[in-house]
Amino acid sequence: MAVSTLIRESGHPIVGGWLGTSSPLVIEACRAAGLDFVTLDTQHGALSLEDCAALLARQAQEDFSVIVRVDSNEPAKIGKALDLGASGVIVPLVETAEQARSAAQACRFPPLGVRSYGPVRSDIVGMSPAELNDRARLFVMIETEVGMRNAAEIAATPGVDGIFIGPADLSISLGLAPQRAFDTAQLETHFRGLRLLADRHGLMLGSLGLDVESATRWIEYGCDFVAIVTDERRLIGDAMERLSGDLGVRSNVEG
């Protein structure tokens, strides 16, 4: 089930996991915990598209959304992630309507786009180009000052399904501390401005949270969906933080 369908059916914001490692057990843990979807990060995590192929294959016939953040706005990588069975893609560093249009065309077959036909995962093999077009979801990342300046044109681009905000990089681009993006209100006006654009064009708005607190902040600012870092490093860091509190010792493990 696509994230967009989940949002419409639930009528409220949804929460997923954000994974940078190739362990299928973490995906199962996300599902068991009641999360609505997971995102596989091939830009900054250790995951490659080959890793994603194995993880996505396990989700065939399962009613669970898996999104892939590709590492760049390249049509071949975007198409391959969708061929492997991703419910949608997050494309980083989109700063202009032209870049958004390129990403949208990479998600869809002619005459709507330039995607090459080659579905791989068993449950989508045999789907028609029209069915695969309907299945794909494109979230463009606005994470720079230039992207914010061009946000109205990006949001109006046909084929864009949602905007995904990159809090750390947006903060850096604005001359702000990236770490403080998650525990202060320094990006509130930017989130709320993008919420207005999303409403105007019928788009979804999402972002990445480092923890429950930051995820809650983004929802308060208007996000429809939030992915929380949930890979092994985060899980270990959270466990150590609890142990540190219980035992009165200082943890050197960053979450």
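None of the figures in this text is laboratory data; all of them are computed from the coordinates on show. Owing to the predicted nature of the structure, the values given are computational and were not obtained by experimental measurement. Every residue, glycine as well, gets a Cβ built from its backbone with ideal geometry; the counts of neighbours run over all protein chains shown.
How big is the dipole moment of the chain about its Cα centre under a simple scheme where the beta carbon of each Lys and Arg is +1, that of each Asp and Glu is -1, and everything else is neutral? Debye, nearest 20, please. Show your work: numbers first, answer last.
Working: 22 positive and 34 negative charges, 84 e Å.
Once rounded to the nearest 20, the dipole reads 400 debye.
Report the per residue volume, in Å³, of the convex hull enclosing the C-alpha atoms of segment 97-209. Show your work: numbers first, answer last.
Details: hull volume 12.8 nm³, N = 113.
Dividing the Cα hull volume of segment 97-209 by its residue count gives 114 Å³.
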**Complete:** Rounded to whole Å, √(5λ) for the Cα gyration tensor eigenvalues of segment 42-150, largest first, gives 23, 17, 10
**Complete:** With Cα springs under 10 Å, the Gaussian network model of the chain assigns the largest mean-square fluctuation among Pro119, Pro92, Pro178 to Pro178
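Once you mark the GluC sites (Glu not before Pro) that are in a DSSP loop and have at most 14 other Cβ atoms within 10 Å, what is the longest gap between them in the chain? Intermediate values should be presented prior to the final figure.
On the way: sites that count: Glu62, Glu254.
Segment 63-253 is the longest.
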**Request:** Please identify, among Val125, Val38, Val160, the residue showing maximal mean-square fluctuation in a Gaussian network model of the chain using a 10 angstrom Cα cutoff.
**Result:** Val125
**Asked** Given C-alpha coordinates of segment 16-69, what is the ratio Rg to Rh with the Kirkwood estimate of Rh?
**Response** 0.92
**Fill in**
Taking Lys and Arg as +1 and Asp and Glu as -1, residues besides Ile219 with C-beta under 14 Å from its C-beta add up to -3
**Request:** Calculate the translational D of the chain in whole µm² s⁻¹ from Stokes-Einstein, where the hydrodynamic radius comes from the Kirkwood formula applied to all Cα pairs, the temperature is 20 °C and the viscosity 1.002 mPa s.
**Result:** 116
